[in-house]
């Protein structure tokens, strides 16, 4: 009797579980679905600093330019533009009839409004420099010493935006593809105030899609924006960005067909690299060793050269990281812009390399100059798992190839930065991600001689960078930067590049033209389509 | 009774105050700024100033503390660092529903299966089903819930494709996480129920009832189960604690926008106001559950008197 | 009304040696021996005990006698399946899983051992002092306990880990904040219960000193409660460490605790299930054995609980 009841109870449970229609079914019908590994905590343009927020915003908003598949800026909300002969004044002409998703016209004033916000004291994303470094009076405005109307960004009329720059900046249109440069509808903003961008209905959209649902922990749901100027070329009508904090769970979801695209961690790269759905890209992010030039041991240039040449970078990227990262034979990441003939990396070649004999030669020279071989050197690293693997690897390489003992000092990211700022380190593993596709984003860092940058002061280097910054001839400018990198890495060995971060991913075979950018805005849904 | 409840509530407040104070000062001891160090350092002084001002970090720590306590008493938990312009109360409130649903379902599953197993095991004492129940009970508390969650997701979600792997789009999504969380509850209930039932089945009145010729079924349902089911209420406290901690891992694995995953996230992001808020919420919730359990139990079991004597 | 037939002189006081006062004819069987006798009959508990001993021995000796170390990387055997060289296979860095698992077990057992000692020292002392002194001291100590009990323990542990650098020491310190509370409560309750029982009264009547009663009557009789509670503290401590490491705020690479190993294995479950399964089996085995042994000990030491 009881047994029967029990069975019946189990049956009811089982039925209850299967009777409800599968909620996942609607997702499989041509919805472009992408996972991100962290919450999208804010979409407020001048507060968002994380890649995932950039990803979401880039689908729903648009700036003067949008990156194409080759990471080159193509006119978007701007139709045409002129650059003055001194390359300091840009005049952008907006397209006719461009509208916000609520039907309001997009005006030059909307750009001025958001750009000024990004430069104001209200901006909390730490990206103000990306405008204030270039725009006339931007720095002064952000420090509160100049009025808004003196800043070099002006709406000449509703369709014309004029920008005045401090120095010639050939990559300025690249910068304009970043979300900080997107317009914000001033009238709408005033009507919602500090609720702006907290929910889908407290935003208006200028991009290919509008957001219909947004929850920081769940993700965002997009539908095609009917007010978008280029809507005829947008083929996807529904898309989703889903928050999946766990990489393994995201991989499971991809296998189950709930995602169109998933990033792989190194363990899954090995198992999937022969799959047709596999692809990998190199991010514009370099991990390198920063030497402290005031340290008695690594202050010796031959010691630094020895260390730099004793690292078999291919072994690190091939076996330990195994996530598509590329060995760092130069500071500037592979694929970053050079000129028509090739990328910066191709033009400058290897500025450091793995060569045990050469390393030993340098090491003997250094030991002779120092008077004795150092008993031990201390390597400062952050406590994330990649940095620690890299440190373990460096430790074994230097011991094996030079007989140099390394003690690893692991600190939190904050702790590591504090030690470096206070000049309290020998050499450290650190990384820099490019903010824009130009070598200057790296090379500019070593001009101020701070402890964080190894106390490097070299007048030749500074002269090269200063010349590049004011140069109107792009070829000379590029040459300055090529020389600067050689000086920094090959001659002075202030830094020893280790690797450029790669990211590997799987994309469902029916999804085409989903563009991944190694920089700035991570991804483009606009051009994607289903086959 | 009222006096007793007031006394307990007073204790809850004192405990909460101690927790808030300890957490508050512990957070102030952490190295660096609460913001992303690299981003913060490249802001202009004016921006840094306005950011510190916005979160009230310009005052000396004791002043911050007094202000914070004052705000809490007004029900204001402050503004989140990472969820820009959102107050902590609404951030937490937004995450309540998924956690509550999963937790409630896990308790219900645990009670349903646990009670049935416990009753069967005691009734068929020393039989196959008894041993099976005991094995399940031991496994239920021994298999870490994150291992169970990972395996369930892989096999049921992916291999067999019966239920969604994760996300929070329909009710289906809550099934696997609820099951994963319910294991320990099931085990605890089954074990407890079995012991209680065995105790009751030994009592004289059961023997009397049997002697009177009442059918086995009626003895079981009318006397044994009825009398042994009440004490199960007392283990609800520990079960709730297990669910709260379990949710920290399970919500991340299943991508559920709940409080547990919020907590882990904010810990990694150093979002102190939210961490404080969740700590207060968890502690208050737990203590209220324990209080409620005590009250309910005193009501249904006349032998327990809360007002007189000690609990020992 | 004197009874002339029976004179006082007829009564002779028997001289009994002190040690014969409580003489029991059958061979005396102490509490521990008694418990062992009963435990031996519980097959499951004995098996659990032997498995635990085996696990402890492996954790101590397996890494010593292996040709690999837990941090040695070997890029030739990345994710190797279990084979003759690597009994449990190898992980992402080609590190030998066999050694890593037993190193992880070492860490887990170490944390468990510290948690147990802490339980014994702080918990038992606190409970005993509170119960024996009574009065105002007891009242104050009980209020402290009531506050501590209200705190969800894992939350405090997590907050503690945030404030201090992650490591075995921090985890142990964090566990020690609230870990002993349960033990203190149980010991106090048990001693209070014993204090009012007849055999203690009998001992008092027989003229035993207070110290003698504490040492000979009270403490031996709480051993059961103490041992049983320790048996449940240990798996809890192991679980807590594994859990924290799994959600990424406990220990981290290259240290190899069971939680770290399970987290690593979970990430590659689809392609290399062995990396998850072995550490998961070990942790489940440890937990199962401790709880089976705990049950067995409870039955053995507290006859009233026998079912």
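Each value in this text was obtained by applying a stated rule to the coordinates, not by laboratory testing. Everything numeric here is computed off the predicted structure, so don't read it as measured data. Here Cβ is always computed from backbone atoms with ideal geometry, including for glycine, and neighbour counts include all displayed protein chains.
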Task: Where labels lie 7 Å past Cα in the beta-carbon direction, separation of residue A:530 and residue A:314 in nm - done: 4.4 nm
Open item on the list: Can you compute the label reach from residue B:268? Point 7 Å from Cα along the Cβ direction, backbone N cut-off under 18 Å, restricted to the stretch C:240-271.
Closed with: C:242-254, C:259-269
TODO: Compute the FRET efficiency between residue B:132 and residue A:424 as 1/(1 + (r/R0)^6), taking r as their Cβ-Cβ distance and R0 = 41 Å, and round to the nearest 0.05.
DONE: 0.10
Task: For chain C, calculated [θ]222 nm from helices alone, where every DSSP H run of n ≥ 4 adds -39500 (n - 2.57) - done: -21000 deg cm²/dmol
Task: Fraction in percent of alpha-carbon pairs per bin - 5 Å, the stretch B:178-312 - done: 2, 9, 13, 14, 15, 13, 11, 9, 7, 4, 3, 1, 1, 0
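Cα convex hull of the stretch A:282-503: mean projected area in nm², to one decimal?
On the way: hull surface 45.9 nm².
In nm², the orientation-averaged hull projection of the stretch A:282-503 is 11.5.
Translational diffusion coefficient, Stokes-Einstein: compute it for chain C using the Kirkwood radius over C-alpha pairs as Rh, at 20 °C and 1.002 mPa s, and state it as an integer in µm² s⁻¹.
Values: Rh = 22.7 Å.
Using the Kirkwood radius from Cα pairs, D works out to 94 µm²/s.
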Open item on the list: How far apart, in nanometres, would the label points at residue C:164 and residue B:49 be if each is projected 7 angstrom from Cα along the Cα-to-Cβ direction?
Closed with: 4.0 nm
- [ ] Could you work out, residue by residue across B:136-148, how many beta carbons of other chains sit within 10 Å of that residue's beta carbon, and then give the average as an integer?
- [x] 6
Task: Peptide C:129-138 - average C-beta neighbours from other chains (10 Å radius) - done: 0
- [ ] Compute the semi-axes of the equivalent ellipsoid of the stretch B:100-257, taking the square root of 5 times each eigenvalue of the Cα gyration tensor, and list them largest first in whole Å.
- [x] 35, 15, 13
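What is the packing order of peptides B:92-105, C:228-241, taking the mean over residues of other C-beta atoms within 10 Å and listing the highest first? Walk me through the intermediate numbers first.
Values: B:92-105: 18.6, C:228-241: 22.8.
Ranking, from highest mean packing down: C:228-241, B:92-105.
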Open item on the list: Quick check on chain B: take the gyration tensor over C-alpha atoms, sort the square-rooted eigenvalues as a ≥ b ≥ c, and tell me if it's rounded (a/c under 1.5), prolate or oblate.
Closed with: oblate
TODO: Output the antiparallel fraction of DSSP beta bridges having both residues in the protein assembly as shown, as a percent to the nearest 5.
DONE: 80 percent
Open item on the list: Based only on other Cβ atoms within 10 Å, what is the fewest-to-most ordering of C:153, A:500?
Closed with: C:153, A:500
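Once you have the alpha carbon radius of gyration of chain A, what is it after dividing by 2.2 N^0.38 Å, with N set to its residue count?
On the way: Rg = 25.9 Å, N = 531, 2.2 N^0.38 = 23.9 Å.
That ratio works out to 1.08.
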Task: Sites residue C:32 and residue C:146, calculated FRET efficiency, Cβ-Cβ separation with R0 41 Å, nearest 0.05 - done: 0.75
Task: Rh (Kirkwood; distinct C-alpha pairs) - the stretch A:125-207, Å - done: 14.5 Å
Open item on the list: At R0 = 41 Å, how high is the FRET efficiency between residue A:86 and residue A:450 if r is their beta carbon distance? Nearest 0.05 is fine.
Closed with: 0.85
Task: Shape metrics for the protein assembly as shown, restricted to C-alpha atoms - Rg then Dmax, Å - done: 34.6, 145
Open item on the list: Contact order normalised by length for the stretch B:100-257, with contacts defined as Cα pairs under 8 Å and 6 or more residues apart; what percent is it?
Closed with: 34 percent
- [ ] Treating the angle as unsigned and between 0 and 90°, give the value, to the nearest 10°, between the Cα long axis of helix B:236-253 and the longest Cα principal axis of chain B.
- [x] 50 degrees
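Full-extension gain between residue B:22 and residue B:74, please, as 0.36 nm times their residue separation minus the C-alpha to C-alpha distance.
Details: separation 52, 0.36 × 52 = 18.72 nm, distance 2.00 nm.
Once the chain is fully extended between residue B:22 and residue B:74, it gains 16.7 nm.
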TODO: Write down the radius of gyration of the stretch A:279-363 and its Dmax, each obtained from C-alpha positions, in Å.
DONE: 14.5, 45
Task: Inter-chain shielding of B:264-270 (mean C-beta neighbours from other protein chains, 10 Å cut-off) - done: 5
Open item on the list: Relative contact order of chain B, please, whole-number percent, based on alpha carbon pairs below 8 angstrom and at least 6 residues apart.
Closed with: 24 percent
Open item on the list: With the crude spin-label approximation of a point 7 Å out along Cα→Cβ, what separation in nm comes out for residue B:295 versus residue C:199?
Closed with: 4.2 nm
Task: Volume per residue of the C-alpha convex hull in the stretch C:33-141, rounded to whole Å³ - done: 171 Å³
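Taking 0.36 nm per residue of separation and subtracting the Cα-Cα distance, what length does fully extending residue C:83 through residue C:125 add? Numbers along the way, then the final one.
Numbers: separation 42, 0.36 × 42 = 15.12 nm, distance 5.02 nm.
Length gained, residue C:83 through residue C:125: 10.1 nm.
With all distinct Cα pairs included, what does the Kirkwood hydrodynamic radius of the stretch A:386-531 come out to in Å, to one decimal, could you say? Could you put the intermediate results ahead of the total?
Details: mean 1/r = 0.0540 Å⁻¹.
Value: 18.5 Å, from the Cα pair sum.
Of B:201, A:464, how do they rank once you tally other Cβ atoms within 10 Å and put the fewest first? Write out the running numbers ahead of the final one.
Numbers: B:201 19, A:464 23.
In order of increasing Cβ crowding within 10 Å: B:201, A:464.
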- [ ] Subtract the Cα-Cα distance of residue B:226 and residue B:160 from 0.36 nm times their separation in residues, and report this length gain in nm to one decimal.
- [x] 19.8 nm
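Can you sort A:446, B:171 from fewest to most other Cβ atoms within 10 Å of each residue's own Cβ? Display every interim value, and only then the final one.
Numbers: A:446 24, B:171 11.
Listing A:446, B:171 from fewest to most nearby Cβ atoms yields B:171, A:446.
Express the relative contact order of the stretch A:282-503 as a whole percentage, based on alpha carbon pairs under 8 Å and six or more residues apart in sequence.
After rounding, I find 36 percent.
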